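> If you scroll down you'll find the structure; I have some questions about it.
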């Protein structure tokens with residue numbers, strides 16, 4: 001039995017590996033000439049840069065261990081700027097709460113409730129039938145945190161933290177999303193040795209070793225179906241027959257290339273972001289207060305900054321990656337810039353084939369949360385037999401987790417075991 005996977009982002013790679021472990025013949029087709037999607041490292045001279053995604057924090061430990069991903073756990077893992085001070089987030093809970101409590105008296109209660117929300121969502125992470133909002137609320141009420149879906153992120157944060165620091169806990173564009181999103185992003189972040197491309201490279205290596213056939217420069221133009229069943233894919237006037245097709249690209253792109261699903265309309269929203277990758281000739285001059293924190297995330301009023309080369313010698317040069325105001329940030333990190341790249345939604349649409357340049361494939365808000373991602377009640381399956389969907393546009397959502405890639409294979413396995421796959 002043959003399975004074709006479309007897209008070699010980390011979810012597509014992970015899905016191809018686990019499909020192969022089911023004993024299927026697996027062919028992975030990637031439109032670009034490299035694997036990894038937005039988990040990409042690339043070289044500029046002797047420097048190694050994480051082009052798009054730049055830190056790891058939401059991937060379950062089981063995947064990090066399975067694929068031997070080399071994380072660098074700096075402490076503190078994050079600092080935030082508040083009232084002219086840099087406040088560190090330590091990995092040790094007691095130390096972290098002691099420090100944060102001096103500035104934010106209600107921080108301990110904030111973290112307690114966020115951790116309860118994370119515990120609730122962990123109950124559903126590996127469920128191939130994502131929960132409804134009502135189901136999440138039912139469980140949350142038992143845990144005593146119904147605000148996970150009843151409150152907006154803005155109103156939840158306002159109960160415990162001043163407005164000035166909200167941006168460090170939720171993207172401004174997501175403040176009207178449920179408080180669930182605060183818990184989603186609250187994590188102890190780490191660098192990856194060799195950049196984020198090391199994540200995709202590690203998974204791709206295992207997939208190839210397991211027997212996955214991986215082809216780059218192969219843009220799928222149509223998912224072929226007939227009478228409600230998948231038949232294969234077409235690219236460059238070639239047809240690859242398949243019993244199973246798993247699409248790990250944007251659901252918008254998936255449905256547009258599937259004639260029987262072309263009428264399914266999704267709203268990718270309006271993306272407004274910019275990520276900057278900078279290389280300095282020499283170590284930049286930075287304020288004395290920042291120097292102990294260069295190995296973690298530095299959240300300033302002017303933007304979010306990382307300097308992975310401070311803790312990762314494989315980066316080869318002095319690398320700064322940030323999302324924020326370049327003029328202000330480069331006044332804080334001063335030095336001779338020999339390379340400066342800006343990524344924008346239009347770049348992501350062109351280079352990563354993301355409709356609307358949406359990094360999460362779909363907005364991280366209702367109705368595209370829980371079992372509404374991407375279409376109410378679909379989960380990782382589609383109405384067409386043999387056609388499955390995965391990636392950031394499916395539950396639980398965007399960022400580098402690998403959860404959608406794993407779950408879609410569980411759905412395939414269940415359907416195979418249930419029998420009647422070809423009826």
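> Hey, can you tell me all the residues within the range 230-239 that are exposed (fewer than 14 other Cβ atoms within 10 Å of the Cβ) and part of a strand (DSSP E or B)?
Matches in the range 230-239: 238, 239.
> Turning to a different aspect of this structure: Could you go through the range 17-26 and let me know if any residue there is assigned to a strand (DSSP E or B) and under 25 Å from residue 218 (Cβ atoms).
As a first pass, look at the range 17-26 and keep what is assigned to a strand (DSSP E or B): 25-26.
Right, trim to under 25 Å from residue 218 (Cβ atoms) and you get 25-26.
The answer is yes, given that some residue of the range 17-26 is assigned to a strand (DSSP E or B) and under 25 Å from residue 218 (Cβ atoms).
> Please pick out the residue among 112, 133 that is over 29 Å from residue 204 (Cα atoms) and either under 19 Å from the mean Cα position of the chain (by Cα) or in contact (Cβ under 8 Å) with a residue 40 or more places away in the chain (or both).
Exactly one of 112, 133 is over 29 Å from residue 204 (Cα atoms) and either under 19 Å from the mean Cα position of the chain (by Cα) or in contact (Cβ under 8 Å) with a residue 40 or more places away in the chain (or both), namely 133.
> Can I ask one more? Would you please name the residue that is farthest from the chain's Cα centre (by Cα), looking only at residues in the range 360-395 that are within 26 Å of residue 344 (Cβ to Cβ) and surrounded by fewer than 23 Cβ atoms within 10 Å (Cβ to Cβ)?
For the range 360-395, the residue satisfying everything is 365.
> Another one. Given the criterion in a helix (DSSP H, G or I) and closer than 30 Å to residue 269 by Cβ, identify the matching residue among 309, 346.
Only one candidate passes the filter, namely 346.
> Using the structure shown, decide if residue 77 is crowded, with 18+ Cβ neighbours inside 10 Å and touching a strand residue (DSSP E or B) at 6+ places or on another chain (Cβ under 7 Å).
Against the criterion (crowded, with 18+ Cβ neighbours inside 10 Å and touching a strand residue (DSSP E or B) at 6+ places or on another chain (Cβ under 7 Å)), residue 77 qualifies.
> Continuing with this model, one more query. Would you confirm whether any residue within the range 178-196 is more than 17 Å from the chain's Cα centre (by Cα), in a loop (DSSP other than H, G, I, E, B) and crowded, with 23+ Cβ neighbours inside 10 Å? It would help to see each step written out before you state the result.
Just the residues of the range 178-196 that are more than 17 Å from the chain's Cα centre (by Cα), to begin with: 178-179, 193-194.
Retained after the next criterion (residues that are in a loop (DSSP other than H, G, I, E, B)): 179, 193-194.
Okay, now just the ones that are also crowded, with 23+ Cβ neighbours inside 10 Å, so 179.
Within the range 178-196 (the criterion being more than 17 Å from the chain's Cα centre (by Cα), in a loop (DSSP other than H, G, I, E, B) and crowded, with 23+ Cβ neighbours inside 10 Å), the answer is yes, since at least one residue qualifies.
A quick yes/no check of all residues on (1) farther than 26 Å from residue 194 by Cβ; (2) out of contact with any strand residue (DSSP E or B) (no Cβ under 6 Å at 6 or more places or on another chain); (3) surrounded by fewer than 19 Cβ atoms within 10 Å (Cβ to Cβ):
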{"site": "291", "(1), (2), (3)": "no, yes, yes"}
{"site": "322", "(1), (2), (3)": "no, no, no"}
{"site": "326", "(1), (2), (3)": "no, no, yes"}
{"site": "333", "(1), (2), (3)": "no, no, no"}
{"site": "343", "(1), (2), (3)": "no, no, no"}
{"site": "354", "(1), (2), (3)": "no, yes, no"}
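> In a loop (DSSP other than H, G, I, E, B), within 26 Å of residue 196 (Cβ to Cβ) and in contact (Cβ under 8 Å) with a residue 12 or more places away in the chain: does that describe residue 76?
Taking the combined requirement at face value, the residue satisfies it.
> Hey, another quick one. Residue by residue through the range 400-423, note down the ones that are at pLDDT 95 or above and assigned to a loop (DSSP other than H, G, I, E, B).
Those that are at pLDDT 95 or above and assigned to a loop (DSSP other than H, G, I, E, B): 400, 401, 402.
> Search the range 259-277 for residues being more than 29 Å from residue 55 (Cα to Cα) and within 25 Å of the chain's Cα centre (by Cα), and hand back the single one that is surrounded by the most Cβ atoms within 10 Å (Cβ to Cβ).
264
The values are calculated or read from the model by the stated rules, or taken from the named source; none is laboratory data. Predicted model, so just to flag it, every value in this text is computed and none were measured. With ideal geometry, Cβ positions are generated from the backbone for all residues, glycine too; neighbour counts draw on all protein chains shown.
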